[in-house]
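As structure tokens, the structure follows; a few thoughts come after it.
The values are calculated or read from the model by the stated rules, or taken from the named source; none is laboratory data. Not measured: the values here are computed from a predicted model. Don't worry about glycine lacking a Cβ; one is built from the backbone with ideal geometry, like all the others, and counts go over all protein chains shown.
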Amino acid sequence: MIFLHQVFANSFSKGLVMALRQIRILHQFGYIFTALLISLTLLPHKSHAAGKKSGNSALPSVLKADQVDGDQLNNTLTATGNVEVSKGDSVVYSDQVFYEKNKGVVHAIGNVRIKNIEIGNVKAENADIKDDFSSGKFSKSTMVLPDGSYLTSPEIDRKTPEITNLTKSIYSICPNPEISQDNNLAGKKRDMLSIKSRDTTIDRGNQVFKIKGGVVRFYDVPFFYTPFLQAPLPSKKRQSGFLYPSYTKSTRMGLGFKTPYYVNISPDKELTVTPHIHPNTDQILLNNEFHQLAAYGEYRAALEVANNKISPSTNVTTRKEVKDPYRWHLSGNGIFDFTKNTGLDYSVNTTSDKGYLRDYYNDFRSYNLSKVNVDYINGRQYHAAKMVRIQEYENIGLEKSDPLILPIIDSHIETKPFFYKEKFALTSNTTVIDRDGGLQYRRITTIPEVNLPINMKGNLFNLNAKVQGDLYSLENNFQNSTPTTRYDSVQTNYKPEFSASWRMPLIKKMKSNTIVIEPMINFVSSSNGKNFNKLPNEDSNNNELTITNLFVSDRISGFDRNESGERVSYGAKSSLFNSYGEFGLVLGQSFKKSDNTQDVTIRGFNNNNKSNIVGMTSYKASKYFYTAYSFHLNESDYRNEINELMTTVSLERFTFGSNFLFLRRNSQNSQEIKQLNVTSMVKVSEKFSTGLLLSRNMITGRNLNRSLSLLYGGCCTIFGFSVTESNPSNLVGAQRSFNISLSFKNL
């Protein structure tokens, strides 16, 4: 190795001359590569480089070659054969190097390759480079960028470490991982997309390309001229600028264009402004999405404003025309972890009116939900405070009845096991519901309980006793809404409950099979302390008996209503494991000895004390295939009244999922229901994939929703196309929308 310093010593030492002679002798004896390990003590001088100095300017340059000759009189050095000159992380390879100390220039001749010159690797026939690597010129050169895109030019002039000029260059803008790994592949094939320009400047300081007199070419065929074009360098640094546009077309809004503009505010903040323009209908939507990475998490917030030029739809059976000049949609979400146990999350989704999502996005949901949650979780103990706002869309004219639930406070504390492993717990809930017009609802609930698990020779028993106490404060505020049931201002209630359960897991291992059978029984006795008609019901809805809640003590959700009476549930779980996969079967039934009839029913019980037989059978083959069939068998004639079949297939290039629901008409189902939902994705190639979604009412033959999407992700472009048709029951005719997007990765 030879260190090329900024100034040569005035003379070579005798040791250097002897070393050079020895190297020539070794080379003559057939050594292919000989490294020179000679260090010269040199004096510093001022740099001649323009602009900023390179970050490694203080480091010496190191030379390796098969043969090195020095000229003391002219202060020059000549190296030939496998020449390698390195400075810091940058390396120059060539057939021959001629170094002029007085000019501070390294001349590289033949098969020049420069590795890691800040913006990429360079190949050239010849190069003249400053000895501190701050500038240089390269002839008949190719510059390969880190992502595999590249530029070719008769001459590359690196004026400073920040500014590089290329004349009559061709920029292949397509990122290519193969070229990134092997730079020699650059230019071997025709480029899908390239820009031929009169002058190109690479500005590392601003991380951009500046192209003048550019002609955009598709497979060398020119199709677009631009006098000036600025594009970001392929790097991880974010840049403000336009993102790829997309094209949309819908039944109601006609042709539309989206052109997002990205604003890089700071390393932790960004804003994307996206105008949606529909020239046929004069409709304009402006979406503004803000995203920030905070110290303990991140959040997003988006506000979309529309100028309300959309015409009323005649397809919607339930609609209300909005005459406001502007309409809006606010959405967002965030999650924060302040400590190991404390966190906050929120989601906001609210609109200016009930028809916004229906009119602009063919979204026919019945309500919108916004919520904020703060919680503390430590093992099995937790405390949480929530706020929930519900915006109801189904019933027109009930805007004043939309509830704001603030606060909801949940708490659960639990002791450690005592002498007999018994545990004591206290669960509490406080809920306040406010409405502009309607019932003002305030409730405090406490539930003390004791739980005792017992293991008796493999028989697992669990005893539980608890009592729920409720205190209501109610206000009948119906001045702005239609009156409903009126309640007394103060109400109290208590609901004691005792439960006992037994299960016994049995395992049988054989040579090629393992069988698990677990019989289970659960007995519950509970009662209501007061007549349910005197209490409001805000948080308990109809529940369906399933295999997942069969052995739950209270199958009615919420606190306003509870399952009451004496009942027993019994059944068994079974599994078979072998080389073919896992087979499962779960069966069970519930029996009510007595029941206090309420205004909340549990679907699955007919007009007697026995429930349907509920069950599920499943099969799982590794990670590639899963199917499950859930059912209700009528308790009297064993007819399958409820059927749901789920199937998923997950292969390397193909995924498929389906759900088929079949409900027979009976005392609890007023009409027969048959609905099929299908999703699939096919990866046709490494770059091309297609997806399908279908939701169909098999009784009426109506497609409720269907969509087809195509996605092409090439080296250079990302192309997407989708067509969606929505046709729910409250539409007279289907609503269709089309979307086309095309992006160029380096533009």
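One table, with the values for the structure above:
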quantity: Total residues in region 633-661, condition closer than 30 Å to PHE688 by Cα and in contact with a Leu (Cβ under 6 Å, 6 or more places away or on another chain); calculated: 1
quantity: Where THR431 falls short, out of the listed (1) part of a loop (DSSP other than H, G, I, E, B); (2) farther than 29 Å from LEU303 by Cα; calculated: (1)
quantity: Residue that is of a type in the set (D, E, K, R), more than 20 Å from SER172 (Cβ to Cβ), assigned by TED's automatic domain parsing to the domain that holds GLY187 and touching a residue at least 60 places away in the same chain (Cβ under 8 Å), where the choices are LYS130, LYS103; calculated: LYS130
quantity: So THR274, is it modelled with pLDDT of 90 or more, touching a strand residue (DSSP E or B) at 6+ places or on another chain (Cβ under 9 Å) and surrounded by 14 or more Cβ atoms within 10 Å (Cβ to Cβ); calculated: yes
quantity: Residue match in region 568-578 (condition: in contact with a Pro (Cβ under 7 Å, 6 or more places away or on another chain), surrounded by 15 or more Cβ atoms within 10 Å (Cβ to Cβ) and either basic (Lys, Arg) or within 23 Å of ASN640 (Cβ to Cβ) (or both)); calculated: yes
quantity: Residues (touching a Phe, Trp or Tyr at 6+ places or on another chain (Cβ under 7 Å) and either within 14 Å of ASN562 (Cα to Cα) or part of a loop (DSSP other than H, G, I, E, B) (or both)) located in region 514-534; calculated: SER525, GLY529
quantity: Pairs with Cβ under 8 Å, 6+ apart, first in region 215-234 and under 19 Å from THR164 (Cα atoms), second of a type in the set (Val, Ile, Thr) and part of a loop (DSSP other than H, G, I, E, B); calculated: ALA231/ILE173; LEU233/ILE119
quantity: Residues being assigned to a loop (DSSP other than H, G, I, E, B) and under 20 Å from ASN542 (Cβ atoms) - total across region 555-612; calculated: 23
quantity: Odd one out for ASN464 among (1) modelled with pLDDT under 95; (2) within 23 Å of ASP410 (Cα to Cα); (3) not assigned by TED's automatic domain parsing to the domain that holds ILE409; calculated: (1)
quantity: Qualifying residue in region 532-545 (condition: within 30 Å of THR617 (Cβ to Cβ) and surrounded by 15 or more Cβ atoms within 10 Å (Cβ to Cβ)); calculated: yes
quantity: Criterion (in contact with a Gly (Cβ under 7 Å, 6 or more places away or on another chain), closer than 19 Å to GLU563 by Cβ and either without any contact (Cβ under 8 Å) to a residue 40 or more places away in the chain or surrounded by 16 or more Cβ atoms within 10 Å (Cβ to Cβ) (or both)) met by exactly one of ASN464, ASN493; calculated: ASN493
quantity: Matching entry among SER553, SER630, SER636, SER611 (being over 17 Å from ILE517 (Cα atoms), crowded, with 16+ Cβ neighbours inside 10 Å and more than 38 Å from the chain's Cα centre (by Cα)); calculated: SER611
quantity: Matching residues in region 101-145 - criterion: being under 47 Å from the mean Cα position of the chain (by Cα), of a type in the set (S, T, N, Q) and within 17 Å of GLU84 (Cα to Cα); calculated: ASN111, ASN116, ASN121
